[in-house]
Each structure stands twice: as C-alpha cells, then as structure tokens.
Amino acid sequence: MAREVRSYRDLPLNLYQIQTKFRDEIRPRFGVMRGREFTMKDGYSFDRDEAGAEESYRAMVEAYRRIFRRCGLQFGVVEADPGAIGGSFSHEFMVMADTGEEAIHVCGACEYAANAEKTPVRLALPAASGGKIEKVHTPGARTIGEVSAFLGVPVDRLTKTLLYLADGKPVAALVPGHRELNETKLKNALGAAELVMADPETVQRLSRAEVGFAGPVGLSGARVLADPSLQGRAGLVLGANETDYHYVGAQEGRDFRADAFADLTLAQEGDPCPRCGKPLAVRRGIEVGHVFKLGTKYSASLGASYLDEKGESQTIIMGCYGIGIGRTVAAAIEQNHDADGIIWPVPLAPYQVDVIPVNAADAPSREKAEALYRALEGEGVEAALDDRDERAGVKFKDADLIGFPYKLVVGPRGLKEGKAEVKSRRTGETQMLPLEGAAAALGERIRKDAGAPS
RNA sequence: CGGGGCGUAGCGCAGCCCGGUAGCGCACCUGCUUUGGGAGCAGGAUGCCGGCGGUUCAAAUCCGCCCGCCCCGACCA
C-alpha cells in the first residue's frame with residue numbers, strides 16, 4: 001500500500017480478503033473453534049486523517065453488527081485490549097455462549113461491556129492504621145491464605161508480591177492479597193512485549209528466599225509496580241525476602257517505595273461498573289470479530305504516506321478488521337440448535353430447502369418432488385432433493401439434524417388435493433401450498449428471511 | 001511441558017473394584033408383516049478384551065513396562 005497510494009485523492013480506501021490462515025497453536029481445542037488452520041476475513045482501512053479513520057471504524061463496526069445479526073447471532077460489542085496487534089483501541093464482537101472461551105464483563109444497568117481483562121478496577125480498601133514495621137516468623141506460610149490464617153489477619157491487609165520477567169527484565173508487581181493480578185494490565189503498564197512469570201530459580205535469586213516469601217522491602221534488582229490502592233498505605237503484611245519470614249506493619253513510601261503505580265488487578269464479578277458504578281456481571285463469549293483502530297503504528301513504520309492538497313507528505317491512518325469465519329458458523333450453530341439438530345438461520349444455510357418425496361416407491365410423489373426441486377432452483381433457492389429409498393421418518397429426522405430451514409414434503413396425502421407441505425424447522429409450523437406456484441411462494445418467503453431482519 | 005481419562009464385536013458402551021472362560025444398544029444376515037416422524041416380530045452371525053511380560057489351577061479383571069487416542073492447563077485470534 002505504501003507504493004500504491006500517492007495522493008489524498010486515493011483515500012479513503014478499504015480492502016479485504018478472505019483466506020486460510022495458520023497459527024502454530026500449542027494445542028488446538030474446542031473443536032472447530034480453535035484449530036491450527038482457520039478461515040478469516042480480514043480488512044484494512046486507509047484514511048487521510050483521524051476523523052476519516054474514525055468514520056471508517058464506525059462504519060465497519062456497524063457493518064459487522066449487521067453481518068452478525070443476519071447470521072442469527074445474539075452478540076455483544078465489547079471493549080477489548082488491542083494485544084499484540086497494537087493500536088489505540090479496539091472492540092471485540094462476542095457471541096454470548098456458556099461454552100465461550102473468554103470471560104466478558106457486562107453491566108446490567110448501563111451499556112458497558114468489556115473483555116474481562118480490560119475492565120478497569122479502582123479498589124477501595126478499608127482504612128488501615130500505621131504502626132511500625134516488624135519481622136515475624138511465619139514458618140511454612142507461603143500462600144496468602146496460609147499467611148492470613150497464621151497471622152490472623154484478613155487477606156485484604158496482605159499484599160501479594162509477584163515476580164515477573166518483562167522482556168527479560170525482573171519486575172515485582174504488588175496487588176492487595178484478596179485480588180488477582182491482571183497480566184494484561186501489567187504488560188501494558190510496563191509497555192512490555194513479552195511477560196512471563198519468573199521461574200523458581202529467578203524468584204529465589206531475587207528474593208534471596210524460597211518461593212512464597214518475596215516482598216518489596218529491601219528488594220533490589222527488580223522494578224516495583226504497585227496497584228494504586230497501595231500508595232502510601234500502612235499496616236501492610238509483606239514477604240520479608242527471607243524463608244519463613246514476613247513483615248507486618250509495613251508502609252509504602254516509608255519502608256519501601258514503589259517505582260510506579262498502575263491498575264494491576266483483574267476485575268471480578270460484582271466489581272463496580274467503571275461507567276455507572278453498578279455491580280458487573282460476568283458472562284462468557286465466543287470472539288467472532290475484532291476491530292482495531294491502528295492509527296499510524298504500521299503506516300509509519302512501513303513508510304505508507306500520501307501527499308495532501310498542499311503537496312505535503314502525511315502518514316496514512318489505518319484500521320484493521322477481522323472476522324473468524326469458521327467460529328462464526330460454529331457460534332451460530334451453538335445458538336441455533338435443539339435436541340433434533342441444527343437450525344440454520346436462512347442466510348447461513350448451505351441449502352434452504354429439503355424436498356422430500358415421502359415414499360420413493362410412489363411415482364407421482366417422486367415426479368412432483370423432482371419438478372418442485374427444479375422449480376425452486378429456478379427461483380434461485382438452494383434446494384436438496386432426498387430421493388433416497390428410505391422411510392419418511394428417516395428423511396425427516398435427517399433433514400432436522402442437518403438443519404434445512406424448510407422441508408418441502410411431497411406425498412400421496414397432499415397430492416390428492418394437489419398440494420405439498422412446507423414445514424419450518426425453527427417453528428415447526430406447517431402450511432399446505434398448491435403445487436402450482438409452491439416454489440414461487442417458498443422462494444419469496446426465503447428471500448424475505450434472508451434479508452436483514454430488524 | 002504439567003494434570004486427568006480412555007483403549008472390550010463395524011460403531012457407541014457395560015463388565016474390571018471383588019479373578020471362574022464376555023455382554024447390551026445400534027448396525028449386519030434370513031423370513032414375514034409394515035410404509036407421512038429414525039418400523040414390528042421371529043431367527044441368526046460377529047471378538048488375538050491395545051501390545052508384551054508377570055502373579056495364579058485359572059486373567060478382560062490383579063501387578064509391571066510399552067503403544068495409541070482424548071480431555072484440562074500454560075499459548076492464542
């Protein structure tokens with residue numbers, strides 16, 4: 001694109017491709033949801049300025065909403081972490097499903113919805129009094145639970161010190177004892193590309209103690225980041241960097257000093273909504289689409305620029321947009337099935353109609369069924385003809401399992417009145433149609449179903 | 001790389017704990033009936049019980065080793 005785009009007249013530009021991608025997954029999982037090979041639609045927008053880029057982004061979000069709505073999906077658009085792809089902000093399209101692989105937070109009171117790792121947390125810890133720092137013997141107490149039980153101190157008075165290697169450099173992260181660290185937040189706070197928990201050898205080297213007794217007091221060789229709730233806080237219980245010892249009564253700013261403060265904790269169910277303060281609920285979702293506002297991250301580094309009206313060189317503003325095709329289909333099935341099988345939403349159905357001659361031995365049924373099948377094709381409907389020599393029940397059950405939105409049943413019973421029966425897979429509702437014009441009527445109905453529902 | 005599970009008839013499984021010569025459903029074969037929601041009845045065939053070794057009068061069953069597959073976690077869209 002850097003070579004293709006010259007002038008502001010070439011912008012905005014929006015390109016997409018649909019192709020097979022490969023990721024070297026350590027372990028493929030969730031059936032078709034996470035394999036090493038998958039099909040993805042990805043698209044990229046190129047704009048002259050921020051306003052244009054934002055408009056492209058907004059239009060793409062709206063297009064994605066419509067696509068997923070037509071796929072018959074119940075989904076949410078959530079704020080997400082841009083992750084390795086980078087960029088200034090991003091949204092994920094999450095299909096709500098209990099089998100989903102990602103936790104998301106939703107607020108029942110307002111519109112807030114976000115990837116669980118994205119939700120900001122502002123902790124309000126109970127007031128704690130000072131006192132002086134003291135080293136106490138805590139034999140064998142390594143975990144927060146053990147230390148809390150041993151000292152008889154509530155867990156929110158303790159402080160977790162977690163040692164990480166950020167791009168190879170040691171970092172100590174401090175969070176209140178009753179909360180989990182959010183590694184994504186820590187990674188972002190450090191601006192690190194790679195973050196791994198320190199291995200036991202490194203922990204022992206840094207804390208000069210066995211694993212489980214690390215703390216910030218007297219810790220050298222590691223940058224210390226702490227949750228803002230710990231700033232200046234007194235009465236802390238901390239690892240003493242000595243096997244079987246903890247400090248009590250420690251105070252940030254007096255006994256040790258954090259190098260920086262940042263929101264590091266993982267939001268959990270019941271935490272206040274960052275927008276309206278009501279408690280958040282946790283739900284699970286399947287990520288089917290992801291949009292990123294990239295800004296100039298890639299265009300700048302790849303030298304993608306254009307000449308504006310004044311002939312001055314400007315950097316192109318980019319966005320990037322992806323849909324996981326296979327998992328979208330999987331998610332659609334997840335949300336559209338019953339005990340008998342798949343219920344394809346019409347726009348996704350590989351075939352919209354299964355034409356079933358009820359008794360293959362009955363020549364009139366067979367002939368009328370075939371005629372209807374051809375007529376449907378003439379209507380532009382994708383139809384299948386089940387001309388197998390099977391009992392009617394078998395064909396019905398198979399049609400249900402495969403999920404054809406409609407069955408068109410042709411048998412002696414209906415033919416006596418010159419009619420065929422249409423049955424909806426979703427509602428089970430049936431309707432007798434005169435053979436004459438049955439294909440046209442059904443075609444009409446399918447075209448209506450296929451259009452974007454409200 | 002860590003944790004767990006499973007290998008028995010074509011397919012899905014029970015039997016294993018408590019050792020006694022292998023069973024259920026579906027599919028299959030034969031006959032009759034049935035034919036608009038996975039047909040019914042009667043009769044029939046089917047097994048190196050993952051492999052190797054050990055214990056025992058006797059091993060699908062107990063013990064050891066090996067092989068294969070699956071699930072969970074670390075990773076990730």
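Values quoted throughout were computed directly from the atomic coordinates according to the rules given, and no laboratory measurement underlies them. Given the structure is predicted, the values throughout are model-derived calculations rather than measurements. So basically every Cβ, Gly included, is an ideal-geometry build from the backbone, and we count neighbours across all protein chains shown.
Taken one residue at a time, the phi angles of the range A:133-145 give Karplus couplings (6.51, -1.76, 1.60, θ = phi - 60°) of 6, 8, 8, 10, 7, 10, x, x, 8, 10, 7, 4, x Hz. Gly and Pro are set to x.
Within the range A:307-413, what percent of beta bridges assigned by DSSP are antiparallel, to the nearest 5?
Among the beta bridges of the range A:307-413, antiparallel pairing accounts for roughly 25 percent.
Work out the length of the dipole vector of chain A about its Cα centre, built from +1 on the beta-carbon of each Lys and Arg and -1 on the beta-carbon of each Asp and Glu, and round it to the nearest 20 debye. List each step's numbers first, then the result.
On the way: 58 positive and 65 negative charges, 93 e Å.
With Lys and Arg at +1 and Asp and Glu at -1, about 440 debye.
Taking the Cα centre of the range A:134-261 as origin and assigning +1 to Lys and Arg Cβ atoms and -1 to Asp and Glu Cβ atoms, the resulting dipole is close to 280 debye.
Between the Cα long axis of helix A:50-70 and the first principal axis of chain A there is an angle of about 50°, rounded to the nearest 10. To the nearest ten degrees, helix A:438-450 and the longest principal axis of the Cα atoms of chain A are 20 degrees apart.
Report the convex hull volume per residue for chain A, counting only C-alpha atoms, in Å³. The partial results should precede the final answer.
Working: hull volume 94.0 nm³, N = 454.
For chain A, the hull spanned by Cα atoms encloses 207 Å³ per residue.
Taking every alpha-carbon pair under 8 Å whose residues sit at least 6 apart, chain A reaches a relative contact order of 18 percent.
Could you state the angle between the C-alpha long axis of helix A:392-402 and the longest principal axis of the C-alpha atoms of chain A, as a value from 0 to 90 degrees rounded to the nearest 10? Long axis of A:392-402 versus the principal axis of chain A: about 40 degrees.
Between A:GLN431 and A:ALA149, residue separation times 0.36 nm minus the direct Cα-Cα distance comes to 94.6 nm. Along the axis of the charge dipole computed for chain A (Cβ charges of +1 for Lys and Arg, -1 for Asp and Glu, origin at the Cα centre), the listed residues A:LEU307, A:LEU219, A:GLY403 are led at the positive end by A:LEU219.
As a calculated quantity, the FRET efficiency between A:GLU25 and A:PHE89 at R0 = 25 Å, using C-beta atoms, amounts to about 0.40. The Kirkwood radius of the range A:134-261, taken over pairs of alpha-carbon atoms, gives through the Stokes-Einstein law at 10 °C and 1.306 mPa s a diffusion coefficient of 111 µm² s⁻¹. Projecting the Cα atoms of A:LEU415, A:ALA384, A:ILE67 onto the dipole axis of chain A, where Lys and Arg carry +1 and Asp and Glu carry -1 at the beta carbon, places A:ILE67 farthest toward the positive end. For chain A, the share of DSSP beta bridges that are antiparallel, to the nearest 5, is 80%.
A cut-off of 5 Å between modelled amide H atoms, ignoring neighbours fewer than 5 places along the same chain, links A:VAL358 with A:VAL410, A:GLY411. Cys residues of chain A that find no other Cys beta carbon under 4.7 Å: A:CYS71, A:CYS320.
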